[in-house]
Structures are given as structure tokens and as C-alpha cells.
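**Q** I have a structure here, written as C-alpha cells, and I will follow up with some questions on it.
Quick note: the coordinates plus some simple rules give every number you see, no bench work behind them. Not measured: the values here are computed from a predicted model. A quick note on method: Cβ atoms are made from the backbone with ideal geometry, for glycine too, and the neighbour counts reach across all protein chains shown.
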Amino acid sequence: MNIAELRSPDLRSLSPVSSGVSGFSHTSLIDQTLTLEAFHPLSGTLGGIPFVKVVYDLNTQKIHFLNHSQYPFHVNYIALEILKMSEAELDAQLDDFNHKVYLDPDRDFFLGNIALYHKDGSAFFTLETVEVDNMNIHMIREFYESVKKKVDPTIPLYFKPANHLQESAIAEVDPQIVPRVWSHELFASSHFIPLHAGIAEGRLRWFQSEDEYREQVMSIEWHDIVVMEKVPEDIPRVSGMINTGHTTPLSHTNVLASGWNIPNAIQIGIEKQIDAEKLDSSWVRYEVDSNASSVSLQKIPEPQVVPERPSWSLHQVSLETPKIEKIPVRPIQELCDDDRSIYGTKASHLGELAHVFSKGSKRLLGYYRIPRPPRENLIPYVAQLLNTESHLVSEKAVEFLKTNFKVPRGIAIPFSVQQDFLTSSWQIQQTIGRLKMALELGAKEIDTVSVRLQTLIRNAPMSRKMKAYLDEVISEHLSGVSEFVVRSSSNAEDLPGFSAAGVYESKSHVDTAEHIFESIKEVWASLVSPRSVRLREEVGIRLEDTYMGVVIQEQVEAEMSGVLVTTNPMNKRDFRNVYINASFQSTESVVSGVGKPYQFLFNTVEGGGRTLSVGDHSEGLSSQLKNQLQQLSLAGRFLQSHFSPDYTFKQPVDIEWAIGKKDIYILQIRPYVK
């Protein structure tokens, strides 16, 4: 069923009356019709969507609609109200209980949620199970038909598959028998998607076109809240963002917003409020609340004096002391994380990855060893995902990574090579001095000098000796490769508190030696772009402390590529799911926000996944690709554990990946700011 085809009575005829509801108690509505009058007192809210939990008791064939404020979990209600168990008894056998109600084919209860959606002035209900539920089609039909009998017949009810298993099952049934609506249809039609929660006060700037933005970009201040159809990648640091068109949470712009810890959301139609209330160029209080149904914009008085130093400028980022003595170019596989002060964070992370894939790690299960109340131990879940016994999980996790994942072959060029190149030109050295002086004085010509310096770096000749050395190393370690990727690897990127996502240059599909040399200079030049200079300066990273290494890797022939983060950006309390963007185009199409990728959530505890969006594509993925994405999600959790800076193992990671003909390749890994 297409979302556009959903129909229901006009909302004005659905407003609840003020009289009492027959059969309603403080805990539930039992075997009574769920009307809107009864729905709202029982409902909770998730992602701005109101919902009511429902339990179908197969033994009594009664439907229970639960009061969310009394019972935030289905199992608590079943145990206490139906089975008359104590909390202690439930906790003691919780895993067995969950298996019985979600996975056992011979179960006594069906569990789900009924959500209320609005579209074009009409309302409809959706029935959805818990995402780990493996209901077969017979169970789905019985659940749907039983619930439908107890839902207001004037409001359409659609089944919403909760995972890929259910998506496949429901596709085999006539939609007239079980009407359905897909998650990706609802996601694509959502008017509000919170990308990063928060509150900001600032001047609202509404740019109605890319051209208008380009004309006024130099006037954007740190206290501005920018509203555009799609906020561009090169946005300077601001206090808030609103996208008026759909975009992915993993685009460079949205990753930066998370790193900057500023409110950010997709809000379709916000232009009407801005226009009606004349908010453009006015000061507003802007709030993004994950549980709200829209962003909040309220006009406030303009402050008499705008603070010169925003609060975030007080939290300075410190860098490790780089090593710039003569050090050779080395294969990535020879590096480890400790080499970041020589080759940059990206290169050292890739080297560490290669080491983990070949040698293993004792930290892979760290995330799963942390208790997730009421569960004290998640290791049995990992054992099930790896199809092994709990005492063999550690060895199986290492084998899993070795068997399925690779880092593309590559070499890492240290900071010292960049320094040799820069010091070979007196003009470059003189201009670096001018840029340092301009930064110290806060001069207006910072951008002009930065652009001049970039031009000098691009145009300066690379010495014959340097070319010969690089050519020799590439020939030795990357022989047989026809196309290359040339990536940045600075000491001022992929850091906690400063991601620099999309700030530095990378070049793909580079073929000849001369193109490689030119691409290396492009990467070096990106270190002094006006935007990168200003972003670093804002967090206290001085120009003289920043260096640029370069990674040269084989270009992977990918069937599919994308980005994974080991968290759920739409629900930060969700410890089960990782979020994946995937595209048949390049990873760049995902992170740049140019295309609309597939969007998935994959459960890394009980397993399974669900499709949030098909983006620009006309259909879903094959079972094989979904299985590979499931493998990738589990690998992401293992790598989150290995790269964790502490022993809470809660720092998520951002992974760029590609699925080749035989293997899954990890192209980059860095911290992800929630």
C-alpha cells in the first residue's frame, strides 16, 4: 500500500469527547474498542508519534491496550497483571520469558504497538510488533485480524512490518486481507525527523536557494540558525540547522552538527511558519526534542550585545605533539593506532584495523560485557549471532572478522614528506607566515591568504627525487592496482570533539602517477582551505600545530558502499541497533548528501534489521546484501569495542565501508559524536 493511498475520515470527526470511557482502567483497556477517546489517555510518544502498547492473550482471546505511564514494557504488564508474577520472579527468568513471547512458535501472547499517524488531514493506525519478533505470516494474520476487531472501525488499521523477516512474509499476502504500510513509506513522508536534539538562541537565516546562500555566506555568524532545503557541506560553524527537505543523518553536514552539539532537524513546511511570523533575520529560541512532533521556533528579543566568544569556544581541542623527523612511507598494514602522531589519525586507524583483522583483539566483546539492565550478560546473544557456544565467543569473533572483512591495500605518507615539500618553496613559506600573522591579528584577509596559499601548494612542482621515491614505494606495495584513492590523514581530524567530516580533500579513481602526485598536493592544500583554517581556529587548534599525511589505497570495485554508525541517531538510548546508509553509487554520494541512500537499522543483540528508507531506489535489497549488512553491523560493534578510549565501551564509531565481490571492505573508521 502506497502511503499516498491511505485514507480515513476527516480529523474533525475524530476529536475525543469529554465523557468517561467504558472499560478503561488506570492500567489498561481490556477487550474494549480502542477509540481516539481511549487512545490518548493510554498513549506514550516515540519520535513524535503517539502509540499504545497492545497484548493479545491467545488463551483467553482477549485484547489488552496498556497504559504507557503505568507499564513502559509489555512483559511487565503480562507478568504482573495476567500471570500474577512478582517483579523478582520476572527478572529471574526474563530471557526465557522474552524468548517465549518473541521467538517461540508456540507462544501464548502476541505483543505490539498501535501508532497514530496523520496525513493530509486524515488519521490512520499502524500495528507493529517488537523489532525482534519472528512472527510468521499465520501469526501476523491472526494478530492483525484480532486487533482490528477491537479498533475503531472508522480509522484504518495497517500492519507495519517490524523487520526484514516480516517484510518478506507480508509480501506474500494479498493486501486486501492484511493491509500494510512500509516503514520506508512513513519515513519518507515524515514532516519532522530530529537529527540532533538541543536548544539554541540565535538569529534565524532562511536561504531559499543555493545561490542566495552563496551570495550571503560571508555574512553568516556563529550565532545564526540556518534554514535551507539542504544545508550545504561547507557551512561555517553556526548555532543551529534546519533542513526543509529530506537528508540522511550521516551526511557530512549532519555529522558536523552532532560534533558541534547544536540542534539539527528535518522539518518539512517550516517555511510557512517562518513567513507567517516574519522570523527570517529575527532572533529565535530553537528547540529540537526527540519526543516532540515538530521543531519549536519562538521569536525572542534581540540581545543588546551579542557575546563575542560563544560557549563552545571555551572547550578547546588539544593535539598530540606530532613527529616530523624523516620517516619512511610505509604500508598501512604495518601501522597501528600509536602511529597517529607520524601518519595522521586516518592512516593509523586503518593500520590498526588491518592488525585486528589479521591478528584479532582481546577487546572485541567489551560492548557486550557491560550489563544492560535488566540483563546482566549479553554474551549469550553474541554467541547466538555467531552460531557458537558462549565460552567460544571470543575466538569466534576473531575468526568472524578475519573471514569476512578486509582493509584495502595502501601506503601511508608521513607528515615529514609534506614538510619537505612545503619548505622547498620560499613563496609557500612566506605565505604561511602571512597566514599565521593574519590569524593572530584576526585580520579580514584570512580567507584571501588561505586561498593564495592553496594555489601555491597546488602549483608548486614536486621534486624529481620526491616523485621517484613515491613512485618506487607505490610500485613495490601497490603493483597491479589500476585505480587509487588518495585520502587525507591529518593530525587534526577524526578526533574526539573535532571530526572534520568532509573538511579535507580526498580523491577517488586516480589512475596515473602524475594524477597521484597532483592529488597528493590537493590533499596537502586542503589543510589550509579557508574553512578548515577557521574551523580549527574556533576550537583552539593552531595552524602551526597541524600537519597532513596522505593515504594512497587501491580503489575497491564495490557492488554497494555506504556509512555505518554504531548508534541509532534518532534514539540515542537504543543500545541494540546500529544505523546504516547504503548506496549502489559511491560512499561520497551518501556523505555529501547529494543522493538519498537506503537507510537501515540492524539489531546487534537479537539480530535482524528493518528498512527505514529506500531513498532514490525503487525497491529493496536482496537477501544476500541484507545478510552482509547484518554481518557489517555486528563487526561495527566489535570494532566499537576495540577502538573505545575507555572501558565503558560506549563511544560509537563511524565506519565507511564497501561490499566487493568477495569481501566487505572497511575504508575508514573514526569516533562518532552522538
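**Q** Once phi is turned into θ = phi - 60°, what whole-Hz ³J(HN,Hα) does the Karplus curve with 6.51, -1.76 and 1.60 give for every residue of segment 212-223, x standing for Gly and Pro?
**A** Going residue by residue, I get 4, 4, 4, 5, 10, 4, 5, 8, 6, 10, 4, 8 Hz, with x marking Gly and Pro.
**Q** What dipole magnitude, in Debye to the nearest 20, does segment 558-674 give about its Cα centre under +1 on Lys/Arg Cβ and -1 on Asp/Glu Cβ?
**A** Here segment 558-674 has a charge dipole of around 320 debye.
**Q** Here's something else I'd like to know. Straight-line reach from Lys406: which lysines fall under 23 Å, measuring Cα to Cα and dropping same-chain residues less than 8 apart?
**A** Hits, sequence-local ones excluded: Lys346, Lys359, Lys362, Lys396, Lys507, Lys626, Lys661, Lys662.
**Q** On to the next question. Across bins of 5 angstrom width beginning at 0, how are the C-alpha pair distances of segment 558-674 distributed, in whole percent?
**A** 2, 12, 24, 26, 21, 10, 4, 1, 0
**Q** Among Lys148, Lys444, which comes first, second and so on when ranked by fewest other beta-carbon atoms within 10 Å?
**A** Ranking Lys148, Lys444 by Cβ neighbours within 10 Å, fewest first, gives Lys444, Lys148.
**Q** Towards the positive end of the charge dipole of the chain, with charges on Cβ (+1 Lys, Arg; -1 Asp, Glu), say which of Leu46, Ser293, Gln555 has the farthest Cα.
**A** Value: Gln555.
**Q** Ok, one more. Note down the magnitude of the dipole of segment 316-555 about its Cα centre, charges +1 on Lys and Arg C-beta and -1 on Asp and Glu C-beta and zero elsewhere, to the nearest 20 debye.
**A** Dipole of segment 316-555, to the nearest 20 debye: 260 debye.
**Q** Further question: Using Cα pairs under 8 angstrom and six or more residues apart, how large is the relative contact order of the chain, in percent?
**A** 12
**Q** Within segment 340-384, list the trypsin sites (Lys or Arg not before Pro) lying in a DSSP loop whose Cβ has at most 10 other Cβ atoms in a 10 Å radius.
**A** When the trypsin sites (Lys or Arg not before Pro) of segment 340-384 are filtered for loop state and at most 10 Cβ neighbours within 10 Å, Lys362 remain.
**Q** How much mean residue ellipticity at 222 nm does the chain get from its helices, if each DSSP H run of length 4 or more adds -39500 (n - 2.57) and you divide by all residues, to the nearest 500 deg cm²/dmol?
**A** Estimated from H runs of four or more residues: -9500 deg cm²/dmol.
**Q** Past the 22 angstrom mark, what percentage of all C-alpha to C-alpha distances in segment 192-311 do you count?
**A** 25
**Q** Mind checking segment 78-112 for trypsin sites (Lys or Arg not before Pro) that DSSP puts in a loop (not H, G, I, E or B) and that have at most 10 other Cβ atoms within 10 Å?
**A** Sites meeting the loop and neighbour criteria: Lys84.
**Q** Collect residues whose amide H, placed 1.01 Å from N in the peptide plane, falls under 5 Å from the amide H of Asp654; neighbours closer than 5 in sequence don't count.
**A** Amide H neighbours of Asp654, under 5 Å, 5+ apart: Arg670, Tyr672.
**Q** What's the exposure ranking of Tyr368, Tyr665, Tyr343, Tyr469, going from fewest to most Cβ atoms within 10 Å?
**A** Lowest to highest Cβ neighbour count: Tyr469, Tyr665, Tyr368, Tyr343.
**Q** Compute the angle between helix 345-359 and the longest alpha-carbon principal axis of the chain, please, reported from 0 to 90 degrees and rounded to the nearest 10.
**A** Tilt relative to the chain: about 60 degrees.
**Q** P(r) of segment 316-555 in 5 Å steps, Cα pairs, percent per bin?
**A** Final binned percentages: 1, 6, 12, 15, 16, 13, 11, 8, 6, 5, 3, 2, 1, 0.
**Q** Still on this model: Could you put Phe65, Phe187 in order, starting from the residue whose Cβ has the fewest other Cβ atoms within 10 Å?
**A** Ascending number of Cβ neighbours within 10 Å: Phe187, Phe65.
**Q** Here is a follow-up. For a protection proxy built on the mean count of beta-carbon atoms within 10 angstrom, sort 44-53, 89-98 highest first, please.
**A** 44-53, 89-98
**Q** Another one. If you place +1 on the Cβ of every Lys and Arg and -1 on the Cβ of every Asp and Glu, how big does the dipole about the Cα centre of segment 117-270 come out, in debye to the nearest 20?
**A** 400
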